[in-house]
């Protein structure tokens, strides 16, 4: 069983803004020790200082997740500072909006290196530390776009499809060998974060989240929930229903609907000209913020997520039983003394 949040050590990538920043606050407010990672040193320092002012515990670890060496150094720093790791949240992402043939090979490569390989690096860095601590949770932030593609967002959508497959593989492997490491994939719908202002646009205008739009705190609360109640996948926001049902019931009809310009294009583009600034290759300076500049209504609650999105599916129960059956006595004896030593160290 996962430790209570108040006893956990949590690493969060992409913590400088948006969902990652909100998640850092949410864990710290519940007593967890948090290692905050992103490329923006200033934003991380401000975040850690704000957490300390509220009585929490956090460290800032500047990290580019596209660099596997840097991500392993992040894991080492967090483990050395706090004594162990319990939950690792892979959240960092960048994006380029535009037609597939207008987006360069280098831009596709960069998005995949950050969004997909960045989370692969996170898993590789986290697994040894989680094994040493006797188990834990890996939470990958994907997107409903990992279930259903949308036009003009090819690199990002492809990276999120790849993430879902990657975490499915990891989840099955952990169950197969009986390792007490849970794997949860979070699938947010449209969220009001600076992600859209920080994206690269080739649409001739700034981009925006298509409505309905939800507050990043809703995703943060879901991530915190998953740290003690792991689920296979958790969609966040009632709008996710449309993506999930559309892809399951009639992908071709959904293709047709998304091909209608008013639905597939105009809902993603603002009337403001693009400012030419983005964080695809380099971080954007500043103290960081949780919320974006979406001008419309932002929903702060989702009954769908609370009542249906978080529920345990029958298959998850079976997988959990199989994991427990396959956990060998040798593995238990190997893990428990290390866990005790780590707890003594903290």
Of all the residues that make up the stretch 283-298, how many are crowded, with 18+ Cβ neighbours inside 10 Å and either free of Cβ contacts under 8 Å to residues at least 12 places away in the same chain or more than 18 Å from residue 15 (Cβ to Cβ) (or both)?
2
Of everything in the stretch 84-137, what is more than 21 Å from residue 162 (Cβ to Cβ) and in a loop (DSSP other than H, G, I, E, B)? Give them in sequence order.
84, 85, 86, 133, 134, 135
When residue 46 is evaluated against the numbered criteria (1) in contact with a helix residue (DSSP H, G or I) (Cβ under 8 Å, 6 or more places away or on another chain); (2) more than 17 Å from residue 114 (Cα to Cα), which criterion, by number, is the only one it fails?
(1)
Can you confirm whether residue 219 is part of a strand (DSSP E or B) and buried (at least 23 other Cβ atoms within 10 Å of the Cβ)?
no
Of the residues in the stretch 146-165, how many are in contact (Cβ under 8 Å) with a residue 40 or more places away in the chain and crowded, with 20+ Cβ neighbours inside 10 Å?
12
Subset of the stretch 33-55 (residues that are buried (at least 20 other Cβ atoms within 10 Å of the Cβ) and either modelled with pLDDT under 95 or more than 19 Å from residue 92 (Cα to Cα) (or both))
33, 51
If I ask for residues that are crowded, with 17+ Cβ neighbours inside 10 Å and not in a helix (DSSP H, G or I), which ones from the stretch 223-269 would you list?
230, 231, 233, 234, 235, 236, 237, 238, 239, 269
Qualifying residue in the stretch 298-318 (condition: modelled with pLDDT of 90 or more and closer than 30 Å to residue 110 by Cβ)
yes
Flag if residue 209 is assigned to a loop (DSSP other than H, G, I, E, B), under 24 Å from the mean Cα position of the chain (by Cα) and more than 27 Å from residue 49 (Cβ to Cβ)
yes
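Residue by residue, here is whether (1) assigned to a loop (DSSP other than H, G, I, E, B); (2) in contact with a strand residue (DSSP E or B) (Cβ under 6 Å, 6 or more places away or on another chain); (3) farther than 26 Å from residue 190 by Cβ holds:
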site: 27; (1), (2), (3): no, yes, no
site: 31; (1), (2), (3): yes, no, yes
site: 35; (1), (2), (3): no, yes, yes
site: 42; (1), (2), (3): no, no, yes
site: 48; (1), (2), (3): no, yes, yes
site: 71; (1), (2), (3): no, no, yes
Answer residue from the stretch 237-259, given it is in contact with a helix residue (DSSP H, G or I) (Cβ under 8 Å, 6 or more places away or on another chain) and at pLDDT 85 or above and is farthest from residue 306 (Cα to Cα) among those:
253
Inside the stretch 1-24, can you point out the residues that are in contact (Cβ under 8 Å) with a residue 60 or more places away in the chain and either over 15 Å from the mean Cα position of the chain (by Cα) or part of a loop (DSSP other than H, G, I, E, B) (or both)?
2, 3, 4, 5, 7, 8, 9, 14, 15, 16, 17
Of the conditions (1) in contact with a strand residue (DSSP E or B) (Cβ under 8 Å, 6 or more places away or on another chain); (2) surrounded by fewer than 21 Cβ atoms within 10 Å (Cβ to Cβ); (3) more than 20 Å from residue 152 (Cβ to Cβ), the single one that residue 280 does not satisfy is (3)
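The values are calculated or read from the model by the stated rules, or taken from the named source; none is laboratory data. All figures in this text were calculated on a predicted structure; none of them were measured in a lab. Methodologically, a virtual Cβ is constructed for each residue, glycine included, from the backbone with ideal geometry; neighbour enumeration extends over all protein chains shown.
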